[in-house]
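Trainee: Following this message is one structure expressed as structure tokens.
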Amino acid sequence: MRFASYEHHHRRRVAVEEEDGTLLPLPGTTSLTELLARGDGLSGLLAAGTAAGGVAPGPHLSEVRLLSPFQPASVRDFVTFEEHVEGVRRSVDEVSGVPEQWYAAPTFCFTNPHAIHGPGDGIPVPPGSTAFDFELEVGAVIGREGRDLTPEQARDHIAGYTVFNDWCGCLAELWGLRGERTPPALKPGDTVSLTVEGIGTLTNTVVPGTDPVPLPSRFSLHLSTTGTRRAFRPWH
């Protein structure tokens with residue numbers, strides 16, 4: 001089941017997206033974020049999505065402006081793949097391998113939840129940036145509160161997944177003033193914007209029809225700019 005937030009005729013709606021791109025609006029719902037907050041995580045989403053099957057079909061995906069699926073209260077960006085860690089170390093420190101401490105506690109950063117954009121939106125480049133990077137990522141949507149969870153318990157709190165583009169700028173001027181070998185990466189909290197994409201191999205917010213949500217297994221992500229493929233990520 002796939003959920004989409006969109007604007008049509010100056011009205012914001014939330015809908016379930018059918019395979020052919022038809023949108024089935026959720027009655028009385030204008031925010032997927034609020035729907036998650038007032039429901040019971042994944043169970044609430046599935047119930048609302050099932051109810052949408054009984055209403056008249058809405059517009060087609062091609063007729064609307066897609067919005068960011070969520071306005072999250074918090075966004076955390078984790079470095080969870082060994083090859084990503086190795087790639088960053090090679091580009092920044094010119095060394096290979098993964099630090100032992102990473103296995104004890106994979107690193108993450110807090111990003112700016114107020115700088116979320118939807119697919120097709122322009123992303124402002126921060127003033128003074130000489131480079132602007134993006135990363136194609138998968139976002140796990142946390143559907144209910146929890147703390148001090150085991151990995152098994154944490155999985156029960158995931159309501160779905162979304163495609164997530166992480167944007168990052170670098171300031172060469174600041175780098176030179178600080179005398180560092182490499183320019184500092186500016187995360188979204190430092191005026192750089194993020195985008196949560198709704199179009200891709202995982203379109204909008206994907207909510208498997210099971211409770212709890214199984215971890216994704218075999219799929220691929222593709223990212224293209226002006227018709228040229230820039231990133232390909234198989235997930236096994």
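The values are calculated or read from the model by the stated rules, or taken from the named source; none is laboratory data. For clarity, every value in this text was computed on a predicted model and none was experimentally measured. Cβ: placed from backbone, ideal geometry, glycine included. Neighbour counts: every protein chain shown.
Trainee: May I ask you to list the residues in segment 118-142 that are within 13 Å of TRP167 (Cβ to Cβ) and either small (Gly, Ala, Ser) or in contact with an Asp or Glu (Cβ under 9 Å, 6 or more places away or on another chain) (or both)?
Mentor: Matches in segment 118-142: GLY122, PRO126, SER129, ALA131, ASP133, PHE134, GLU135, LEU136, GLU137.
Trainee: Now a separate question. Under the condition of being at pLDDT below 85 and out of contact with any Cys (no Cβ under 9 Å at 6 or more places or on another chain), which residue from segment 73-85 is surrounded by the most Cβ atoms within 10 Å (Cβ to Cβ)?
Mentor: My answer is VAL85.
Trainee: Could you check, for segment 124-136, whether at least one of its residues is modelled with pLDDT under 80, within 28 Å of VAL64 (Cβ to Cβ) and of a type in the set (Val, Ile, Thr)?
Mentor: So far as segment 124-136 goes, yes, one or more of its residues are modelled with pLDDT under 80, within 28 Å of VAL64 (Cβ to Cβ) and of a type in the set (Val, Ile, Thr).
Trainee: Can you name every residue in segment 99-142 that is touching a Cys at 6+ places or on another chain (Cβ under 6 Å) and closer than 23 Å to THR80 by Cβ?
Mentor: Once the filter is applied, which keeps residues that are touching a Cys at 6+ places or on another chain (Cβ under 6 Å) and closer than 23 Å to THR80 by Cβ, segment 99-142 yields only ASP133.
Trainee: Between a residue in segment 142-158 that is free of Cβ contacts under 8 Å to residues at least 40 places away in the same chain and any residue that is surrounded by 10 or more Cβ atoms within 10 Å (Cβ to Cβ) and outside any helix (DSSP H, G or I), which pairs come within a Cβ distance under 6 Å, given they are 6 or more apart or on different chains?
Mentor: Close Cβ pairs (under 6 Å, with a partner that is surrounded by 10 or more Cβ atoms within 10 Å (Cβ to Cβ) and outside any helix (DSSP H, G or I)) amount to ILE142/HIS157; GLY146/HIS157.
Trainee: Give VAL88, VAL138, VAL98 a once-over and let me know the one that is more than 22 Å from ALA37 (Cβ to Cβ) and within 16 Å of the chain's Cα centre (by Cα).
Mentor: Answer to the check: VAL138.
Trainee: A follow-up question, please. In the set GLY58, GLY41, GLY53, GLY118, which member is touching a strand residue (DSSP E or B) at 6+ places or on another chain (Cβ under 7 Å) and modelled with pLDDT under 85?
Mentor: That would be GLY41, the only listed residue that is touching a strand residue (DSSP E or B) at 6+ places or on another chain (Cβ under 7 Å) and modelled with pLDDT under 85.
Trainee: Also: If we keep just the residues of segment 109-145 that are part of a loop (DSSP other than H, G, I, E, B) and among the charged types (D, E, K, R), which is farthest from ARG12 (Cα to Cα)?
Mentor: So the residue we want is GLU145.
Trainee: Considering every residue within segment 7-24, establish whether at least one is assigned to a loop (DSSP other than H, G, I, E, B), at pLDDT below 90 and small (Gly, Ala, Ser).
Mentor: The answer is no; no qualifying residue exists.
Trainee: Could you list, in sequence order, the residues of segment 10-33 that are surrounded by 14 or more Cβ atoms within 10 Å (Cβ to Cβ) and under 17 Å from THR50 (Cβ atoms)?
Mentor: Scanning segment 10-33 gives VAL14, ALA15, VAL16, GLU17, GLU18, THR22, LEU23, LEU24, PRO25, LEU26, THR29, LEU32.
Trainee: With the requirement that a residue be in a helix (DSSP H, G or I) and touching a residue at least 24 places away in the same chain (Cβ under 8 Å), what does segment 45-86 give you?
Mentor: Those that are in a helix (DSSP H, G or I) and touching a residue at least 24 places away in the same chain (Cβ under 8 Å): LEU45, LEU46, GLY49, ALA51, ALA52, LEU61, SER62, GLU63.
Trainee: Looking at ALA15, ALA37, ALA47, ALA4, can you tell me which residue is over 21 Å from the mean Cα position of the chain (by Cα) and of a type in the set (A, V, I, L, M, F, W, C)?
Mentor: Selected residue: ALA47, the only one of ALA15, ALA37, ALA47, ALA4 that is over 21 Å from the mean Cα position of the chain (by Cα) and of a type in the set (A, V, I, L, M, F, W, C).
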